[in-house]
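*Asks:* Below you will find the structure I want to go over with you.
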Amino acid sequence: MKNKALTLTIVAKMTSNYGEGLGNIGSVQKIYRNGKSYAIRSRESLKNAIMVQSGMYDDLKVDVDSGVTQKSVDENINASNCRALEGGYMNTTGETKIRRSSFYLTDAIAFEPFINEARFHNNLYLAQKSAEQQGINLQKEAKKSGLMPYQYEYDKSMKRYSITFDLDKVGEDLNFDAVADSQEKTERVNCILDAIKDLSLVVRGNMDNAEPLFVVGGIGDKKTHYFENVVSVEEKNLKINDDLLNKLKEGYKAGLLEGNNFDNEEEIEEKLNPVSISSFFSELKEEVKAYYENSSN
């Protein structure tokens with residue numbers, strides 16, 4: 001029962017995060033492949049959102065020493081008793097200590113090439129109020145009133161990302177020879193699964209529903225993003241190939257959010273026999289609980 005991994009590959013419709021801005025222009029973060037650009041949400045952005053939404057960062061403590069900001073770590077605060085450290089840490093206070101994350105994420109990458117959709121805005125209402133307070137004419141003294149037009153690229157598209165847990169590393173901190181109990185390990189994994197199931201992102205002041213439209217995976221022997229290379233969407237059709245079907249036969253399963261998010265929803269249901277998204281995560285959480293209960297015996 002030991003030495004297992006939990007791996008998931010997820011298709012979700014989500015916005016991208018933003019890279020470096022230039023003046024009052026915000027640019028979507030992208031990667032370039034085969035001469036085309038694809039919008040992404042970086043793995044760092046995803047991990048932070050999941051850790052915050054899951055509550056894993058509720059007990060986060062931070063040190064700022066000599067200009068270095070890092071997670072607090074010592075004998076009393078380590079990965080066995082502090083959930084915020086489950087995602088890994090490097091602490092350079094005294095002797096440098098490194099504890100790798102027990103789970104890994106990929107970037108969420110759009111399936112279709114990026115097409116620039118620019119959005120134009122301004123702070124006209126605030127500038128009008130400023131002009132009134134100063135007793136000046138907004139049109140004549142726009143700069144003094146603080147009027148500022150700005151624009152940004154916008155993207156919300158289907159993206160694929162994967163997450164993989166090394167289940168035997170959860171709650172373990174070898175730097176202090178400490179390990180959490182089975183119940184705590186179960187709760188940590190399952191609260192992250194809950195966050196993924198209901199993932200919500202806040203982007204430029206707007207709430208973004210990033211729940212899974214399709215998910216595939218489970219607990220098995222493969223400590224890698226096992227389904228990353230066999231899940232693809234083309235023109236709103238989930239591609240169903242022999243490799244995906246063969247991997248599913250190894251004890252994994254699929255979940256689908258019904259609602260015509262895919263044009264070939266009937267084919268998906270016929271060939272992959274998916275359960276609902278809520279059932280997928282509920283059953284997976286029970287498997288996680290059973291895994292750790294059996295591992296402690």
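The values are calculated or read from the model by the stated rules, or taken from the named source; none is laboratory data. Keep in mind the model is a prediction, meaning the values are calculated, not measured. When we count neighbours, we look across all protein chains shown, and the Cβ atoms used for this are built from the backbone with ideal geometry, even at glycine.
*Asks:* So A5 passes all but one of these: (1) over 17 Å from T106 (Cα atoms); (2) among the aliphatic types (A, V, I, L, M); (3) modelled with pLDDT of 90 or more. Which condition number does it fail?
*Replies:* (1)
*Asks:* One residue is enough: does region 204-222 have a residue meeting the conditions assigned to a helix (DSSP H, G or I), touching a residue at least 24 places away in the same chain (Cβ under 8 Å) and in contact with a helix residue (DSSP H, G or I) (Cβ under 6 Å, 6 or more places away or on another chain)?
*Replies:* Taking region 204-222 first, the residues assigned to a helix (DSSP H, G or I) are none.
The answer is no, given that none of the residues of region 204-222 is assigned to a helix (DSSP H, G or I), touching a residue at least 24 places away in the same chain (Cβ under 8 Å) and in contact with a helix residue (DSSP H, G or I) (Cβ under 6 Å, 6 or more places away or on another chain).
*Asks:* Can you find even one residue in region 117-128 that is modelled with pLDDT under 95, assigned to a helix (DSSP H, G or I) and small (G, A, S)?
*Replies:* Checking region 117-128: at least one residue is modelled with pLDDT under 95, assigned to a helix (DSSP H, G or I) and small (G, A, S).
*Asks:* Also, I was wondering about something else. Specify which of the listed residues (Y18, Y57) is under 20 Å from L199 (Cα atoms), among the hydroxyl-bearing types (S, T, Y), without any contact (Cβ under 8 Å) to a residue 40 or more places away in the chain and out of contact with any Leu (no Cβ under 9 Å at 6 or more places or on another chain).
*Replies:* Residue meeting the stated conditions: Y57.
*Asks:* If you check R83 against the conditions, is it touching a residue at least 40 places away in the same chain (Cβ under 8 Å), over 30 Å from P149 (Cβ atoms), of a type outside the set (V, I, T) and touching an Asp or Glu at 6+ places or on another chain (Cβ under 9 Å)?
*Replies:* Answer is yes for this residue.
*Asks:* From I196, I240, I192, which residue is closer than 23 Å to N264 by Cβ and outside any strand (DSSP E or B)?
*Replies:* Only one candidate passes the filter, namely I240.
*Asks:* Yes or no: A110 farther than 30 Å from N237 by Cβ and surrounded by 19 or more Cβ atoms within 10 Å (Cβ to Cβ)?
*Replies:* no
*Asks:* Tell me the strands (runs of 3 or more DSSP E) entirely within region 46-98 that contain at least 2 residues that are over 24 Å from the mean Cα position of the chain (by Cα) and either at pLDDT 95 or above or farther than 30 Å from T9 by Cα (or both).
*Replies:* 62-65
*Asks:* Output the residues belonging to region 175-185 that are touching a helix residue (DSSP H, G or I) at 6+ places or on another chain (Cβ under 7 Å) and surrounded by fewer than 21 Cβ atoms within 10 Å (Cβ to Cβ).
*Replies:* Once the filter is applied, which keeps residues that are touching a helix residue (DSSP H, G or I) at 6+ places or on another chain (Cβ under 7 Å) and surrounded by fewer than 21 Cβ atoms within 10 Å (Cβ to Cβ), region 175-185 yields only S182.
*Asks:* Another one. Restricting attention to region 145-174, and to residues there that are closer than 30 Å to Y291 by Cα and hydrophobic (A, V, I, L, M, F, W, C), which single residue is surrounded by the fewest Cβ atoms within 10 Å (Cβ to Cβ)?
*Replies:* Filtering first and then ranking leaves L174.
*Asks:* If you don't mind, there's one more thing I want to ask. Tell me which of these N229 doesn't satisfy, since it passes every other one: (1) closer than 17 Å to Y104 by Cα; (2) in contact (Cβ under 8 Å) with a residue 40 or more places away in the chain.
*Replies:* N229 satisfies all of (1) closer than 17 Å to Y104 by Cα; (2) in contact (Cβ under 8 Å) with a residue 40 or more places away in the chain except (2).
*Asks:* Out of all the residues in region 196-212, which are touching a Gly at 6+ places or on another chain (Cβ under 8 Å) and at pLDDT 95 or above? Show your work before the answer.
*Replies:* Taking region 196-212 as the starting set, the residues that turn out to be touching a Gly at 6+ places or on another chain (Cβ under 8 Å) are 204, 212.
The answer is P212, and nothing else.
*Asks:* Given the condition under 21 Å from S276 (Cβ atoms), touching a helix residue (DSSP H, G or I) at 6+ places or on another chain (Cβ under 8 Å) and assigned to a helix (DSSP H, G or I), answer yes or no: does some residue in region 247-256 qualify?
*Replies:* Yes: one or more hits.
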